[in-house]
1. For a protection proxy built on the mean count of beta-carbon atoms within 10 angstrom, sort 53-61, 87-95 highest first, please.
2. Once you keep just the Cα pairs under 8 angstrom separated by 6 or more residues, what percentage relative contact order results for the chain?
3. Normalised by the residues of the stretch 1-77, what does the relative contact order come to in percent, with Cα pairs under 8 Å and at least six apart?
4. So what is the relative contact order for the stretch 124-207, in percent, with contacts set as C-alpha pairs under 8 Å and at least six apart?
5. Tell me, what % of the accessible area of the chain is carbon and sulfur with a 1.4 angstrom probe?
6. With each pseudo-label sitting 7 Å past Cα toward Cβ, what's the Arg61-Leu23 distance in nm, one decimal?
7. Over the stretch 1-101, give the accessible area per residue in Å² for a 1.4 Å probe, as an integer.
8. Given a Förster distance of 45 angstrom, what is the FRET efficiency for Asp177 paired with Lys106, based on the Cβ-Cβ distance and rounded to 0.05?
Amino acid sequence: MRTGKAYSFQMVVLGAGLIVLALLFLSPFYFVFANSVKSIEDIQLHTASLPTKLEWVNYGRAWDVLHFSRALSNSFLITVLSVTSMVILSSMAAYRLVRRPTRGNKFIFLLFVTAMIIPFQTLMIPLVKVGRWAGLLNHLLGIVVLYSGLGVSLCIFLYHGFIKSIPQGIEEAAAVDGCNPYSLFWRIVFPLLKPMTVTIIVLQCLWIWNDFLLPMLVLQKPDLQTIQLAINSLFGQYVKQWDLALPALVITIIPSMALFLALQKHVIDGVAAGAVKG
């Protein structure tokens with residue numbers, strides 16, 4: 001009887017702790033959403049309180065002032081092209097590195113893994129210099145190339161572990177039936193990589209969509225601004241336009257949140273499969 005009571009008490013304490021953690025996790029969302037429909041005076045004086053008057057006009061003003069449709073289209077184009085190139089290049093490279101385990105390929109894979117631990121801050125200055133020399137600055141395709149190069153190491157690492165779990169007998173049977181190497185990969189192997197592909201898409205989309213540092217270094221023209229650069233323009237040395245920045249943040253959060261919630265099951269499956277297999 002005592003054991004049952006002790007167990008019940010532990011469950012109550014655990015549940016209360018989880019509720020507290022959930023509230024702490026959700027509190028930033030509350031502040032962003034609640035203050036996005038307040039006037040600038042209410043934001044400064046009553047930050048934690050619920051809005052007394054809903055200022056939905058903040059969203060329209062933010063959309064017009066920031067030219068948000070242009071910033072959204074830039075961010076969307078950069079994200080889609082960068083992630084697509086990462087998936088195509090890294091999946092093919094990882095497949096080759098796994099199925100041809102020569103010393104050279106093992107060394108190349110080691111280089112990719114090593115590149116993952118290098119902080120981006122150490123690469124900023126040489127990256128900008130190389131980008132200027134190659135004509136990649138102030139071009140959307142230029143930043144796509146840079147994102148692809150920076151993100152492909154993680155993608156290859158994840159694909160590499162997942163491909164090891166695919167039986168080679170499937171590929172051998174397809175080769176016997178007349179599949180050439182490209183058809184074998186795209187028709188047989190690549191569909192089997194769906195869990196890891198979805199995981200990579202979500203992780204890299206969240207990274208690129210929310211990234212500020214690389215666009216700030218590479219995209220200097222106003223018409224090439226991403227959503228993060230557009231929001232940053234609201235904060236100066238003397239003026240901070242929270243009544244416009246917070247609605248813009250809400251608009252920015254919605255697509256990434258929807259993507260993650262829609263694909264979170266595949267993300268968990270892909271990470272688990274890549275971690276325990278191979």
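1. Result, highest mean first: 87-95, 53-61.
2. Values: 256 pairs, mean separation 82.6, N = 278.
The normalised contact order for the chain reaches 30 percent.
3. On the way: 27 pairs, mean separation 15.7, N = 77.
Dividing the mean separation by the residue count of the stretch 1-77 yields 20 percent.
4. RCO, the stretch 124-207: 25 percent.
5. Ligands and nucleic acids excluded, carbon and sulfur reach 70 percent.
6. For the pair Arg61/Leu23, the computed spacing is 3.3 nm.
7. Per-residue value: 66 Å².
8. Efficiency at R0 = 45 Å is approximately 0.90.
The values are calculated or read from the model by the stated rules, or taken from the named source; none is laboratory data. Everything numeric in this text was worked out from a predicted model, so none of it was measured. A quick note on method: Cβ atoms are made from the backbone with ideal geometry, for glycine too, and the neighbour counts reach across all protein chains shown. Side chains are part of the model used for accessible areas, which takes the heavy atoms of the whole protein and leaves out ligands, DNA and RNA. Shrake-Rupley method; radii C 1.70, N 1.55, O 1.52, S 1.80 Å.
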